[in-house]
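Presented below is the structure to which this report refers.
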Amino acid sequence: MAIHAVKVEDFHSKLTSCSACRLAGRMAIHAVKVEDFHSKDYRSETVMGRFFDLESPIMRTLNRVADLMILNLLMIVCCIPVITVGASVTAMHYVILKMVRGEEGYLVKGFFKSFAANFKQATLIWLLMMVVIAVYVGDALIFSFSGMVFPKPLVIAVVAVGVVLYLISMYVFPLLARFENSIRNTLKNAALMAVGNLPKTILMAVFYAMPLVISYFSTYALLFIFLFGISAPAYGAAWLYSGIFKKFEPEVEVVSDMDFSVDVGERSEEINGEEE
């Protein structure tokens, strides 16, 4: 009986020891699982934090898309009176050029500051453009509906002049937004830049023509054109003419949000060190 009692006591001792080991093992496994869960949760929070970080590539891209959409809507609203088209396009290029160069500030505020500062010159240039557009519309109506047969060289010459004027016009308002100059010099510089940088000029024309091509082939793209049809092509063009403009800008320049222009006529004097 004594031997039996010892064996039973030893058996219960082993059973208790085994149960404690199993319980400790379960608790250890549970602790590992909890730790692993918290580690995964932390990694998930870190990934999400990086995703929503304002400096992340995704957020920067989304912010840029939102800026272009707002700018496009501003353009549409401000162009409704028609007479304000020139000032509106100038203000758009003012903001977009700063976007491209990473100098952007308050989008709406910058837009209307440039709108007000360049309104007079931009409106005069736009009125001149409207006269040219009216002449070409009249020529197109005459060629199409007059019933007269015009010489092909004349038609080709008229079309060629129209294309050249269009290529020049792409530089006019960006130049007005970036440089302080007379209307005459602005038009002259636009012509020189358009001809002197012909490959980039043609690519800019392709950018501006894309919304028309897209709308021709797909009516479902009208919403996209309504939101980005003006600002997006201008943004692409700004990447091209920004480098051209830098050739005429001082090497060191401090520019505020409002004072975003230089005098092209002073460039040669500044470079030669003859500035008074």
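The values are calculated or read from the model by the stated rules, or taken from the named source; none is laboratory data. Just so we're clear, the structure is a prediction, and the values are computed from it rather than from any experiment. A quick note on method: Cβ atoms are made from the backbone with ideal geometry, for glycine too, and the neighbour counts reach across all protein chains shown.
One residue alone among Val135, Val164, Val155, Val159 is surrounded by 11 or more Cβ atoms within 10 Å (Cβ to Cβ), farther than 22 Å from Ala91 by Cβ and in contact with a Phe, Trp or Tyr (Cβ under 7 Å, 6 or more places away or on another chain), and that residue is Val155. Looking at this structure, is Asn181 buried (at least 18 other Cβ atoms within 10 Å of the Cβ) and in contact (Cβ under 8 Å) with a residue 12 or more places away in the chain? Answer is yes for this residue. Put simply, of Ala160, Ala194 the only residue that is under 28 Å from the mean Cα position of the chain (by Cα) and among the small types (Gly, Ala, Ser) is Ala194. Among the candidates Leu97, Leu62, the residue that is part of a helix (DSSP H, G or I), in contact with a helix residue (DSSP H, G or I) (Cβ under 9 Å, 6 or more places away or on another chain), modelled with pLDDT of 50 or more and aliphatic (A, V, I, L, M) is uniquely Leu97.
Can you tell me which residue within region 243-260, out of those that are closer than 25 Å to Val65 by Cβ and modelled with pLDDT under 90, is surrounded by the fewest Cβ atoms within 10 Å (Cβ to Cβ)? Among them, the one singled out is Asp257. Looking only at region 75-88, decide whether some residue is in a helix (DSSP H, G or I), without any contact (Cβ under 8 Å) to a residue 40 or more places away in the chain, polar (S, T, N, Q) and out of contact with any helix residue (DSSP H, G or I) (no Cβ under 9 Å at 6 or more places or on another chain). No - not one qualifying residue is present in region 75-88.
The requirement of being crowded, with 19+ Cβ neighbours inside 10 Å and closer than 24 Å to Phe248 by Cα is not satisfied by Phe119.
With respect to Phe112, is the statement that it is in a helix (DSSP H, G or I), surrounded by 12 or more Cβ atoms within 10 Å (Cβ to Cβ) and of a type in the set (Phe, Trp, Tyr) true? Considered against the rule, which asks whether it is in a helix (DSSP H, G or I), surrounded by 12 or more Cβ atoms within 10 Å (Cβ to Cβ) and of a type in the set (Phe, Trp, Tyr), Phe112 comes out as yes. Within region 142-153, residues that are at negative phi reach partners that are assigned to a helix (DSSP H, G or I) and surrounded by 10 or more Cβ atoms within 10 Å (Cβ to Cβ) with beta carbons closer than 7 Å, at six or more positions or on different chains, in the pairs Phe143/Val155; Phe150/Phe143.
Residues that are modelled with pLDDT under 95 and over 24 Å from Leu124 (Cα atoms) number at least 3 in the following helices (runs of 4 or more DSSP H) confined to region 159-242: 198-217, 222-228.
When Ser44, Ser56 are checked against the criterion of being farther than 26 Å from Phe224 by Cβ and either modelled with pLDDT under 95 or touching a Leu at 6+ places or on another chain (Cβ under 8 Å) (or both), a single residue qualifies: Ser44. Pairing residues of region 236-250 that are farther than 13 Å from Met170 by Cα and free of Cβ contacts under 8 Å to residues at least 24 places away in the same chain with residues that are of a type in the set (Asp, Glu) and in a helix (DSSP H, G or I), at Cβ distances under 9 Å and at least 6 apart in sequence or on separate chains, gives Pro250/Glu266; Pro250/Glu270.
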